[in-house]
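Here the structure is laid out as structure tokens; the discussion comes afterwards.
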Amino acid sequence: MRKRVAVIHGPNLNMLGKREIGIYGGKSMEDINNDLYAEAKKLGIELECYQSNVEGEIVTFIQQCRGRADGIVLNAGAYTHYSIALRDAISAAEVPTVEVHISNVYKRESFRHVSVLAPVCIGQICGFGPYSYILGLHAVLEHKVNP
Amino acid sequence: MESVGLKKKTFMVIAGANTTLLAAERSSLADIRSSLERKAAECGIAVDCREFTREGDMVISLQEAAGTCDGIIINAGEPAYFSDALRSAIDALRIPSVEVCTAHMHNLEESRHASVISPVCVGVISGFGTYSYLLALDALVHLQDGTG
């Protein structure tokens, strides 16, 4: 059976390509999703991309990944730094999750250096622009091969 | 992009040996070296892999890389948490550096959550075992391509 991976974009990522281009680049979220779908096709996997600005909706989506997805690539945006609800959802879903960020969060404000999600994720990738998602996709698939 | 004639692009891979990770999480550059070299060759790139036990030797290599390499992959190990010397050496480079941590930094003890070199690297890849090095290579190749 083909592997299934969910890509989740958190708050404000629907504004990519329009907001703070100096930090986040000129690509829109749709452009990023198209690149991800093309990569998924190449890898022979199924991919679903999801975006919500609402913490509770992301929690619900992560819960729905349980038993349904083989991996999650998650850019939780600002929720990364304080959402215990998302952290608990990842733990409960029992789906290997990779945390990704477009920017290098360690170059930025200190509140962005803390991730409450990191301890329940298999790893973190940040700083490579939209390519962080592609790297995250490879990382989560590799994790399934060599757990 | 600057022309380098027929010279192959070279990435320097720097690993600090003997980190104090749990044995299960400890993985050395040697375990991944042949895969790295193979993947780099597929991309038409050379990799110069170096392992060190001394912080100062890493600084010397970074300075050397300034004139000879096109990118850095660095898993500094222990010095990542305190070495201002490494940080300055990386900061002085005009080529991109990618920080790698084979174990997930955030799952290590609290004092190892923050690396002093992360802010001077392009990005950070942490938690995927030796596969983190291959992801870093992919990231650097992508940066050289200058796409998206």
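Just so it is clear, none of the values below were taken in a lab; they were calculated from the coordinates. Here the structure is a predicted model, which is why all the values come from computation and not from measurement. Note that each Cβ is placed from the backbone with ideal geometry, even for glycine, and that neighbours are counted across all protein chains shown.
Mind listing whichever residues of the range A:11-34 are touching a helix residue (DSSP H, G or I) at 6+ places or on another chain (Cβ under 7 Å) and outside any loop (DSSP other than H, G, I, E, B)?
A:Leu13, A:Asn14, A:Met29, A:Ile32
Can you tell me which residue is surrounded by the fewest Cβ atoms within 10 Å (Cβ to Cβ) among those in the range A:107-117 that are more than 7 Å from every other protein chain (Cβ to nearest Cβ) and within 27 Å of A:Ser28 (Cβ to Cβ)?
Taking the candidates together, the pick is A:Glu109.
Residues that are within 14 Å of another protein chain (Cβ to nearest Cβ), β-branched (Val, Ile, Thr) and buried (at least 20 other Cβ atoms within 10 Å of the Cβ): does the range B:74-93 have at least one?
yes
Those residues that are closer than 15 Å to A:Pro130 by Cβ and within 16 Å of the chain's Cα centre (by Cα), I need them from the range A:28-46; list them, please.
Here is the first cut: in the range A:28-46, the ones closer than 15 Å to A:Pro130 by Cβ are A:28-40.
Residues satisfying the conditions are A:Ser28, A:Met29, A:Glu30, A:Asp31, A:Ile32, A:Asn33, A:Asn34, A:Asp35, A:Leu36, A:Tyr37, A:Glu39, A:Ala40.
Please enumerate the residues belonging to the range A:118-139 that are more than 7 Å from every other protein chain (Cβ to nearest Cβ), within 17 Å of B:Met105 (Cα to Cα) and crowded, with 24+ Cβ neighbours inside 10 Å.
Once the filter is applied, which keeps residues that are more than 7 Å from every other protein chain (Cβ to nearest Cβ), within 17 Å of B:Met105 (Cα to Cα) and crowded, with 24+ Cβ neighbours inside 10 Å, the range A:118-139 yields A:Cys121, A:Gly136.
Only residues that are facing another protein chain (nearest Cβ under 9 Å) and either buried (at least 22 other Cβ atoms within 10 Å of the Cβ) or among the hydrophobic types (A, V, I, L, M, F, W, C) (or both): list them for the range A:92-103, please. If you could, list the steps in order and put the result at the bottom.
Here is the first cut: in the range A:92-103, the ones facing another protein chain (nearest Cβ under 9 Å) are A:98-99, A:101, A:103.
Scanning the range A:92-103 gives A:Val98, A:Glu99, A:His101.
Against the definition (out of contact with any Ser or Thr (no Cβ under 7 Å at 6 or more places or on another chain) and at positive phi), how does A:Glu142 come out, yes or no? Break it down stepwise before answering.
Numbers: out of contact with any Ser or Thr (no Cβ under 7 Å at 6 or more places or on another chain): yes; at positive phi: no.
No, not satisfied.
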